[in-house]
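Here the structure is laid out as structure tokens; the discussion comes afterwards.
The values are calculated or read from the model by the stated rules, or taken from the named source; none is laboratory data. Nothing here was measured: the structure is a model prediction, and the numbers come from that model. Heads up, the Cβs are rebuilt from the backbone with ideal geometry, glycines too, and the neighbour counts pull from every protein chain shown.
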Amino acid sequence: MEIQYYAAPRRAQCRHLAGQIFNGTRRRNALAASHLRPRSGSHLFAHRQSKSRNGGAKQARIESLYSVHRGAPFQSSPHDTHDWDATQVPILFDSVINGKPRKLLAQASRNGYYFVLDRTTGKNVTSIMLSEFANWYVGVDTKGEPVRNPDKDPKVDGVLVSPDSNGFTNWPPPSYSPDTGYFYVGTRDSFSMFFLTDVDDHPEGYGAAERNEAVAGDALRALDAKTGKLVWKHKTNVGAQGLLSTAGNLLFGGDGSGNFIAYNARTGKPLWHAELNVNHSNGPSTWMLDNKQYVVVGAGDTLYAFVLQ
């Protein structure tokens, strides 16, 4: 397997960019090849900046490396007005849907939605809202893309929106276990007031301001990877966090209180913990050396290594 990350666009791809961030991921093996390009438009709260559905939109384009087919862009937040970059780590997995084998891509997105796409065609398979508090959308369209509620765009006198601009989840990597078929992700339900500060038809910068109001709860969630339906939820004191699942039915993560924990991957029950006194955010790693399995995680300015007995 080969994984390549591009911190800057290659020359041929520059025409696709509309804003500040470019991230790309390529996965290649003997069976399949897919190219995911999360694309980030201008992070504008001021919704007058563009009247089209693509203004400030976050898109992911699926492109087969073994054919000339180019999948249509899939937008996780069409005409985004809350800075929900769709640069959350995607998971590639193979599964069977309606009796047919499918090559899939899953993402728990910052806006609270969970998406599954066919990574050979780019077509949507699943779109489901994970947050019970999210109030910025009215549903999804025929492509599976969310339809925003314009009443929740930033306003001069403010509007209460969930989640806040930090999102329901964020950049720390989720995990997927082919043994359980679960997608694991750290989440936070939150609320902010969004204020429009520039009412010009061509606003400068963000054109708005945000005031964080409340956190309704943090949780580590296990989802059915194909459908996004909740399997189990474990309350924590942290939102997004880096996770690692293993073939030994373990899920490594944290609790937001400085503890590094091994959970039962099927049930979410904590099985072991180590007190680090600081929260981790990165994805833990594991490997075998001299017939011993190591788990390594970074927290604060320290790298911790554990050996499984």
Could we say that Ser245 is buried (at least 19 other Cβ atoms within 10 Å of the Cβ), hydroxyl-bearing (Ser, Thr, Tyr) and within 30 Å of Val96 (Cα to Cα) here? yes
Can you name the number of the only condition in (1) of a type outside the set (Val, Ile, Thr); (2) surrounded by 20 or more Cβ atoms within 10 Å (Cβ to Cβ); (3) within 21 Å of Asp85 (Cα to Cα) that Tyr182 fails? (3)
Here, strands (runs of 3 or more DSSP E) confined to segment 204-309 with at least 2 residues that are under 20 Å from Gly112 (Cβ atoms) and modelled with pLDDT of 95 or more are 208-224, 230-236
If we keep just the residues of segment 186-210 that are aromatic (Phe, Trp, Tyr) and within 30 Å of Leu230 (Cβ to Cβ), which is surrounded by the most Cβ atoms within 10 Å (Cβ to Cβ)? Phe194
Which of the residues belonging to segment 255-295 are of a type in the set (A, V, I, L, M) and over 18 Å from Tyr176 (Cα atoms)? Leu271, Ala274, Leu276, Val278, Met288, Leu289
What's the number of the only condition in (1) under 30 Å from His82 (Cα atoms); (2) surrounded by 14 or more Cβ atoms within 10 Å (Cβ to Cβ) that Gly300 fails to meet? (2)
Output for segment 242-286, where each listed residue is in contact (Cβ under 8 Å) with a residue 60 or more places away in the chain and hydrophobic (A, V, I, L, M, F, W, C): Leu243, Leu244, Ala247, Leu251, Ala265
Tally up the residues in segment 103-123 that are at pLDDT 95 or above and assigned to a loop (DSSP other than H, G, I, E, B), please. 4
Among the residues that make up segment 193-216, is at least one of them under 29 Å from Trp272 (Cα atoms) and either out of contact with any helix residue (DSSP H, G or I) (no Cβ under 8 Å at 6 or more places or on another chain) or free of Cβ contacts under 8 Å to residues at least 24 places away in the same chain (or both)? yes
